[in-house]
Amino acid sequence: MLSLLVLIVVVLRLGLALRRRRISGVAPGRERIEQHVRWARPAVLLLVLGLLGGLVSAIWLRDWAPLGTLHSWLGVLTASLFVTAAWLGRALRLGRSRASAVHGAVALAGVALAALAAVAGFVLLP
């Protein structure tokens, strides 16, 4: 999951570069948007797979209650935020929305919660 956090930071940096260009009045460019999307898709997919894998691990391998830790709840909330950001990003890309600020805010909240979930997961390590 540490490598996923690195991937999320890469996607965040690409998104912030798009934001800086948009605020300065320069068109972000299709290539930069495609690069952001190209990195963001696997990040969201891996995050959701990590959430599902963590739940399976907690239930079947460790015999824990599902969603019985702060780490698991932060993971669910993080995944929800990233799936929402992906949905908003798709609408932006298809031209169905202009809510780039909302997309960015939701994604930034997801990044913050992902970091918090990583810290909360340290106590679960053997």
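Here, each number is a calculation from the coordinates, and none is a lab measurement. The structure presented is a predicted model; accordingly, all values stated were derived computationally and were not measured. Quick reminder, even Gly has a Cβ in these numbers, built from the backbone with ideal geometry, and neighbours come from all protein chains shown.
Identify, please: which residue in region 27-66 is over 20 Å from ALA101 (Cα atoms) and touching a Phe, Trp or Tyr at 6+ places or on another chain (Cβ under 6 Å) and is, among those, surrounded by the most Cβ atoms within 10 Å (Cβ to Cβ)?
Going through the qualifying residues, I end up with LEU47.
Can you report the number of residues in region 21-69 which are part of a helix (DSSP H, G or I) and either in contact with a Cys (Cβ under 8 Å, 6 or more places away or on another chain) or of a type outside the set (Gly, Ala, Ser) (or both)?
Narrowing region 21-69 to residues part of a helix (DSSP H, G or I): 21-23, 30-61.
Still in the list and also either in contact with a Cys (Cβ under 8 Å, 6 or more places away or on another chain) or of a type outside the set (Gly, Ala, Ser) (or both): 21-23, 30-39, 41-42, 44-49, 51-52, 55-56, 59-61.
Selection size over region 21-69: 28.
What is the number of the single condition among (1) in a helix (DSSP H, G or I); (2) under 21 Å from LEU70 (Cβ atoms); (3) not hydroxyl-bearing (Ser, Thr, Tyr) that ALA91 does not meet?
In the conditions (1) in a helix (DSSP H, G or I); (2) under 21 Å from LEU70 (Cβ atoms); (3) not hydroxyl-bearing (Ser, Thr, Tyr), ALA91 misses (2) alone.
Any idea how many residues of region 27-59 are touching a Lys or Arg at 6+ places or on another chain (Cβ under 9 Å), touching a residue at least 12 places away in the same chain (Cβ under 8 Å) and among the small types (Gly, Ala, Ser)?
0
What about VAL11, is it under 12 Å from the mean Cα position of the chain (by Cα), loosely packed, with under 15 Cβ neighbours inside 10 Å and not in a loop (DSSP other than H, G, I, E, B)?
Criteria not met by VAL11.
Looking at (1) surrounded by 12 or more Cβ atoms within 10 Å (Cβ to Cβ); (2) under 17 Å from ALA99 (Cα atoms), which is the only condition ARG20 fails?
(1)
Which pairs turn up if I take residues in region 1-26 that are of a type in the set (A, V, I, L, M, F, W, C) and look for partners that are surrounded by fewer than 14 Cβ atoms within 10 Å (Cβ to Cβ) with beta carbon separation below 8 Å, at least 6 apart in sequence or on another chain?
Here the result reads LEU7/PRO42, each pair linking region 1-26 to a residue that is surrounded by fewer than 14 Cβ atoms within 10 Å (Cβ to Cβ).
Name the single residue, out of those in region 85-126 being farther than 15 Å from ILE8 by Cα and β-branched (Val, Ile, Thr), that is surrounded by the fewest Cβ atoms within 10 Å (Cβ to Cβ).
Step by step, filter region 85-126, then rank; the result is VAL123.
Which condition does ARG98 not pass, out of (1) part of a helix (DSSP H, G or I); (2) under 23 Å from ILE23 (Cα atoms), if it passes all the others?
With (1) part of a helix (DSSP H, G or I); (2) under 23 Å from ILE23 (Cα atoms) applied to ARG98, the lone miss is (1).
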